[in-house]
Amino acid sequence: MQQPNTQSTSELILRETASQTAGPYVHIGLAPSVAGLPARDEEIWNRMAGPEAEGEPIEVVGTVIDGNGDLVRDALIEAWQADAKGVYQPFFDLRNAFNSFGRTATTFEGSSEWSLQTIKPGPVAHASGQPMAPHINLSIFARGVNVHLQTRLYFDDERDANAHCPVLSRIESPTRRQTLIASREAGDGDRVRYRFDIRLQGDGETVFFDF
Amino acid sequence: MHDEKTRFVERDRNWHPPAYAPGYKTSVARSPQQSLVSMQSPSVSEIGGPDFSGLRIGRYDNDLLLNFTQGQALPVGERIIMFGRVIDQFGKPVPNTLVEMWQANAGGRYRHRNDNYLAPLDPNFGGVGRTLTDEQGWYRFRTIKPGPYPWPNDPNSWRPAHIHVSVMGPSISTRLITQMYFEGDPLIPRCPIVNTVNDPDAVETMIGRLDMAHSKPMDCLAYRFDLVVRGRLQTYFENQ
């Protein structure tokens, strides 16, 4: 039977600190060498996997595009992914062969691509028990972005796994689902490359998640 | 045997600024038009997050008075301590979490290759800090109070003095970047970026408070800024 709601739980908890844009100078704080500052003893950056890492070495690249179709040249991206076995490695250490966390940024000049040197993640189990297709969680911070945007990158050579992924299936529109699929390209040397362009607004707008 | 099911208190999207906030002009072309897709049951991919307790933090990383010159010379500006606690929505401290910050110098100029404001760079100031919270969630930086500066939004927009603050928290779900403003600054209510936040109570969460008790006589003032990240809810299920 339905119980009467006698107490508001919202009164019992603190409110989260409000978000603000990371601004155009986010690099000073999170990517000092991009800003032109000296690197510190250790920096969190885009080499998530070294040569000893288990799994298939891959490079992931892409641009960030605004609603006018222009390149967003001041975006900072954070990546979070499982290892080749589908297990997260949260303990960050630059001496690890693989870290689940990385950062990258678009560039002020040229093609303005961000890139991650990593390994292809393995499938991770969903709360429902079903496997989720291999994916990389990405968070996008930029000037003009008031709360960071959260998305997932999937791989176009995982058609079967993608078709059964419980999170991809949450997206009603098959057209929109497609915005989360990175496409495989011929890479440099032995690293396979995937391209994943992030469209913040308008045509082909990337799916962003709330969780 | 127990299985732990973790969730975070839902992020109140009306409390945070909306993506589209036309008073802040850059948000107009950078805001998604489609709805966010809700994950009804977040997976391990959303519940986990990086642990930076093994990151080698340099001796001066949280001391902006010293870190750019490695202690050789001091920057110009009002010397301040910026400190506070990282807690979750249930008041629980968040230990060993990475807090990063960046700011302009006392003249309102950033040490960034794209900033060409009239105010000069300070040869003794970089403007970046980072630290890990202690076991009780406390963090602390020593720095100078940044200056306000003009920016091209309205014909005459000025940013109030502010320090950008980034906190990880226990999960990528608690990830948060904000800005700390200084109590009493008359530029706060005039700022188009502050005003992306609709609820005045939410603006209050971004104000650092002068704390005379933690200031140092004949040395520096102190500003307290607590960061509240999403609360973790845990339910335990008995397995047979």
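A:Thr206 fulfils the conditions (1) of a type in the set (Ser, Thr, Tyr); (2) in a strand (DSSP E or B); (3) within 29 Å of B:Asn198 (Cβ to Cβ) except for a single criterion, (2). Of the residues making up the stretch A:100-114, just one is over 22 Å from B:Leu55 (Cα atoms) and in a strand (DSSP E or B), namely A:Trp114. Taking the criterion of being surrounded by fewer than 21 Cβ atoms within 10 Å (Cβ to Cβ) and out of contact with any strand residue (DSSP E or B) (no Cβ under 7 Å at 6 or more places or on another chain), the residues of the stretch B:56-75 that qualify are B:Arg56, B:Gly58, B:Arg59, B:Tyr60, B:Leu66, B:Thr69, B:Gln70, B:Gly71, B:Gln72, B:Ala73, B:Leu74.
Note on the stretch A:74-99: residues that are assigned to a loop (DSSP other than H, G, I, E, B), touching a Gly at 6+ places or on another chain (Cβ under 8 Å) and of a type in the set (Gly, Ala, Ser) amount to 4.
When residues in the stretch A:6-32 are screened for being modelled with pLDDT of 95 or more and either part of a helix (DSSP H, G or I) or not aromatic (Phe, Trp, Tyr) (or both), 18 of them pass. Is it the case, given these coordinates, that A:Glu54 is among the acidic types (Asp, Glu), surrounded by fewer than 19 Cβ atoms within 10 Å (Cβ to Cβ) and touching a Gly at 6+ places or on another chain (Cβ under 6 Å)? No: the conditions fail for A:Glu54. Residue pairs whose Cβ atoms lie under 6 Å apart, separated by 6 or more positions or on different chains, with the first residue in the stretch A:174-189 and more than 23 Å from A:Asp203 (Cα to Cα) and the second acidic (Asp, Glu), are A:Gly187/A:Glu59. Can we say A:Asp70 is buried (at least 22 other Cβ atoms within 10 Å of the Cβ), modelled with pLDDT of 95 or more, closer than 30 Å to B:Asp115 by Cβ and not aliphatic (A, V, I, L, M)? No, not satisfied.
The sole residue among B:Pro22, B:Pro75, B:Pro50 that is on the phi < 0 side of the Ramachandran plot and at the interface with another protein chain (Cβ under 7 Å from one of its Cβ atoms) is B:Pro50.
crowded, with 23+ Cβ neighbours inside 10 Å and within 11 Å of another protein chain (Cβ to nearest Cβ): does that describe A:Trp80? Considered against the rule, which asks whether it is crowded, with 23+ Cβ neighbours inside 10 Å and within 11 Å of another protein chain (Cβ to nearest Cβ), A:Trp80 comes out as yes. Here is a list: B:Ser171, B:Ser215, B:Ser157. Which entry is more than 14 Å from the chain's Cα centre (by Cα) and buried (at least 21 other Cβ atoms within 10 Å of the Cβ)? None of the other options fit; the residue is B:Ser171.
Considering B:Pro192, B:Pro200, the condition of being closer than 21 Å to B:Tyr20 by Cβ and without any contact (Cβ under 8 Å) to a residue 60 or more places away in the chain is satisfied by B:Pro200 alone. Counting the residues of the stretch B:186-202 that are within 20 Å of B:Trp158 (Cβ to Cβ) and at the interface with another protein chain (Cβ under 7 Å from one of its Cβ atoms) gives 3.
Taking the stretch A:23-43 as the range and being facing another protein chain (nearest Cβ under 10 Å), in contact with a helix residue (DSSP H, G or I) (Cβ under 8 Å, 6 or more places away or on another chain) and either touching a residue at least 12 places away in the same chain (Cβ under 8 Å) or not β-branched (Val, Ile, Thr) (or both) as the test, the residues that pass are A:Tyr25, A:His27, A:Val34, A:Ala35, A:Leu37, A:Pro38, A:Arg40, A:Glu43.
The values are calculated or read from the model by the stated rules, or taken from the named source; none is laboratory data. Because the structure is a prediction, the values reported are computed rather than measured. Neighbour counts run over all protein chains shown; Cβ positions are idealised from the backbone, glycine included.
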